[in-house]
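The values are calculated or read from the model by the stated rules, or taken from the named source; none is laboratory data. Quick caveat, the model's predicted, so the values are computed rather than measured. Surface areas here come from the heavy atoms of the whole protein model, side chains and all, with no ligands, DNA or RNA. Shrake-Rupley method; radii C 1.70, N 1.55, O 1.52, S 1.80 Å.
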Amino acid sequence: MIKIGNVNITPIFEVDGGDVIQGTIEEATPAAVKEIDWLHRNHIDTDGRLKANVQSFLVSAGGKKVVIDSGVGNGRARPELSDWDNLQTDFMERFTGVWLPGEVDLVLCTHLHCDHVGWNTTFVNGAWVPTFPNAQYIFVQKEFNYWKSSPENEL
């Protein structure tokens, strides 16, 4: 946990997204990224593989519990991203070690890529339901409208 004044921030790691990112950016070959000096300290390994944590941040402040970005999520068909296709992680077990889903007041999605909204819903008894049933979900309206109008890019 990170404490800044009266604000507590707890990162909850889900998966390493480096391979997915590197696989979707054609120019990001290991040889090419190894040539970028500033990446070496924190962002690539010695083989030129990108490091990229997919994680949520649980922020408590002023009596409110806020989730910033909800990660990839389990059980989602993503054949175009084989590392995340039908993912099964222990993310929610680690999450509930900090808070129960019903305690969350607000879910803030910085943007709507699949690795930021995946746990907004959970598959229960044959239906997708809100993972955080008492939370208000916040999105940028323009981006929400874009993804809503592009059914081939499901939220």
message = Run the Debye formula on the Cα coordinates of the chain, all scatterers equal and no solvent, and tell me log10 I(q)/I(0) at q = 0.17 1/Å.
response = -1.09
task = Could you calculate, for the range 59-130, the ratio of the Cα radius of gyration to the Kirkwood radius, expressed as Rg to Rh?
result = 0.98
query = When the accessible area of the chain is computed with all protein chains present and a 1.4 Å probe, what percentage of it is carbon and sulfur?
reply = 55
ask   = Of the residues G18, G71, G118, which exhibits the maximal mean-square fluctuation in a Gaussian network model of the chain defined by a 10 Å Cα contact cut-off?
value = G18
inquiry  = Run the helix sum for the chain: -39,500 (n - 2.57) per DSSP H stretch of 4+ residues, divided by residue count, reported at 222 nm to the nearest 500 deg cm²/dmol.
reply    = -4500 deg cm²/dmol
ask   = Taking a probe of 1.4 Å, how large is the accessible area per residue of the range 33-155, in Å²?
value = 60
message = Give me the tail of P(r) for the range 99-155 as a percent: Cα-Cα pairs with distance above 13 Å.
response = 64
inquiry  = Return the equivalent ellipsoid semi-axes of the range 23-78 as a descending list in whole Å, where each equals the square root of 5 times an eigenvalue of the C-alpha gyration tensor.
reply    = 31, 17, 8
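Could you sort E14, E27 by their accessible area in this structure, using a 1.4 Å probe and putting the largest first?
E27, E14
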